[in-house]
Structure formats: C-alpha cells, structure tokens
Amino acid sequence: MELKATDFEGKQAWFHLEQLVSFGERYTGSPGNEQAKDYMRSVFQTCSGTLSESRGEMEVTGTEPIQIENIWFRFAPEVKKHRLLLGTHFDTRPWPDREEDESLHRVRGVIGACDGGSGTAILLELATLLSEKSPNIPLDIVMFDAEEPLPKEFIPVGYFLGSRKFVFDRVKEGAISNYGSALVIDVVGGKEGKVGLEQSSLSRSPRWSGRVQGAIDKLDLLSLKPPASYSIWDDHSAFQNAGIPAALLIDYDYPYLDTLQDTLDKCSPDTLRDVGQVLLQVVINHSNNPMK
Ligand SMILES: [Zn+2]
C-alpha cells in the first residue's frame, strides 16, 4: 500500500494522549508509569511486529539503584541492517522544579501532557498506522523510561537512563550497528508549538539531520520551525555517543515544561498531527532509501 505523510491524521494520537494523562503522574517507579507501560503494550500487541523486553537496573552515584523498563517494538525484526529507530521518553518529571514558586519544587503533580505524553501518543498512532499499511519497514519504536527521574543536580549522569540502558545493551550484544539512524521526539504537542531540530543533532549527525530537515521542508507545516540555535542533551545523545547518526526534534520553548501546568489543555491535536506527518515522511524516505 502506498504511504503518504497525510495518512497520519493525529486523531488517534490525541486519544492516546488523553489516556496517558488519565493515569496521572508517570514518573519512573510510580503507579501511573506502570499503567502507561501496560497501555503501550496493549497497543503494540495489536500491531504486526515484535514486542521485546528492555529493562534493568541503573546505578547513579549518590542514589538508590533505579529500576527502569523501556517499551520496545520492532517492525521487520529479521532485517539487521540500516534500521531506523524512532524514540521518545514516556516518563514524566517527578517534581515541578521549573515553577516560579520554589516552595513547589519538591511537591508531586507533574502530568507531563506535552513532556512525556505527546511523543508517546504520536509514536503509538504511527505504530498502528504502519502495522495496517506497511508492516515490513525495518523500524524500531522505543518508548524510553527514566529520561528525567532525579533532581537537577544529577544532570547529566542521572538522566536519559532508559536510552542509555537501551544503547548499552545493544552495544553489549553487538547489535547497535543494526541501526543506520535514530530520531527522538520530545515535547512535541504544545498548542501553537514550534518543533525543530536542536544544534547537537546538526553538528554531530549532519547528514542524517539534513535528511530529517528535508522532510520538514517538504511538508512545510505550521508546527515546525527551522533548526534551533540551542544544543541539548536528550535520549538521542546515547545514540550519538555510540556512533549512530541521531537527531532530536523538540519544542524547548514550551512554556509549561517541568511545571504543574503541563496539562492536556496546553496541547493541541494539530501539533501532534504535524509532527506525526513529519515522522511518517521520515519513515517513507527511510523505506525508499535507508541511511547507510
Ligand atoms: Zn522530555
């Protein structure tokens, strides 16, 4: 079946986002985190591909060991070369430590509709769509746990634990070179949000970022913007460090990041749709001509 970017409608993504936020806070180790994992597994179990385990303990000096579990789904797992990996984190920030009122910095209550919810919702719709229309594309979808489980003084060693565990395990088993490219999305659902590549993507993975930017330019959608001047660490960093071309799409100017206001009403189905269409275009380009 011929795929086109507009096949991604965003309605399902919005439904998934509503479900995810209904579980409440989803920080690593919380009941909502467990519910989110069950929910993602239930969606992937309806898709034609392989759901695999990616879990374990991560040690961070100065804290108790952290139990993490990524949700890892593969289309066409038998293809071992030039695979594309799409990823996002599904955990939410345990505390609203960007609230102006510092007395709120150690209370709970971050819902993470945009940060943690939006990327997860988009990748779930994408999985269902590809499963129906084109399940033979060599593609991994990974929902990372523990992107931001600890206070800010642990940046960066206590962050991005799920993606680092995933990359560490693939390196250990000699499978990291199966990936030709990786694209991570984070904070991609804000109302009137503007999502773009950040600088480390361009400087460390220029050819791959150029291809992603090409998909953005081709579609010319309202929720996308030119590459940002800032450079940030995120779940793409572990892939870059392992030598895999990796890029990050993010709206780091989202005003409610790490606050109690990151709720569903600050998100928009239009932004989910636009970002989903960019990802689908990237997948289409990959299926015609994978990164080598
Ligand atoms: Zn995030």
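The values are calculated or read from the model by the stated rules, or taken from the named source; none is laboratory data. Treat the numbers as computed from the prediction; the structure is a model and nothing was measured. Cβ coordinates were reconstructed from backbone atoms using ideal geometry, including for glycine residues, and neighbour counts include every protein chain displayed. For the accessible areas, the whole protein counts, side chains as well, though only heavy atoms, and no ligand, DNA or RNA atoms are used. Shrake-Rupley method; radii C 1.70, N 1.55, O 1.52, S 1.80 Å.
Taking label positions 7 Å along the Cα-Cβ direction at both Phe15 and Asn241, the computed distance is 3.9 nm, reported to one decimal. Placing unit charges on the Cβ atoms only, positive for Lys and Arg and negative for Asp and Glu, gives the chain a dipole magnitude near 1260 debye about its Cα centre. Counting only heavy atoms of the protein chains and using a 1.4 Å probe, Cys47 has close to 10 Å² of accessible surface. Shape class of the range 54-134 from the alpha-carbon gyration tensor: oblate, with a/c at 1.5 or above and b/c at least as large as a/b.
With the alpha-carbon atoms of the chain aligned to their principal axes, the span from lowest to highest coordinate is 53, 41, 38 Å, starting with the largest.
With each label modelled as a point 7 angstrom along the Cα→C-beta vector, the Ser203-Ser22 pair spans 4.4 nm. One chain, two ends: Lys133 and Asp253. Fully extended at 0.36 nm per residue, the span grows by 39.7 nm beyond their Cα-Cα distance.
Within the range 168-257, antiparallel bridges make up roughly 25 percent of the DSSP beta bridges whose residues both belong there. FRET efficiency for the pair Asn289 and Leu219, taken as 1/(1 + (r/R0)^6) with r the Cβ-Cβ distance and R0 = 25 Å, rounds to 0.90. When you work out D = kT/(6 pi eta Rh) for the range 193-273 at 37 °C and 0.692 mPa s, using the Kirkwood radius from C-alpha pairs as Rh and the Stokes-Einstein form, the result is 242 µm²/s. Distances between placed amide hydrogens fall under 5 Å for Val195 paired with Leu224, Lys225, all partners being 5 or more residues away or on another chain. If the segment from Asp38 to Trp233 were pulled out straight at 0.36 nm per residue, it would be longer than the present Cα-Cα gap by 67.4 nm. Label positions at Ile155 and Val79, each projected 7 Å from the Cα along the C-beta direction, are separated by 3.7 nm. Considering only beta bridges that DSSP places wholly inside the range 5-288, some 50 percent are antiparallel.
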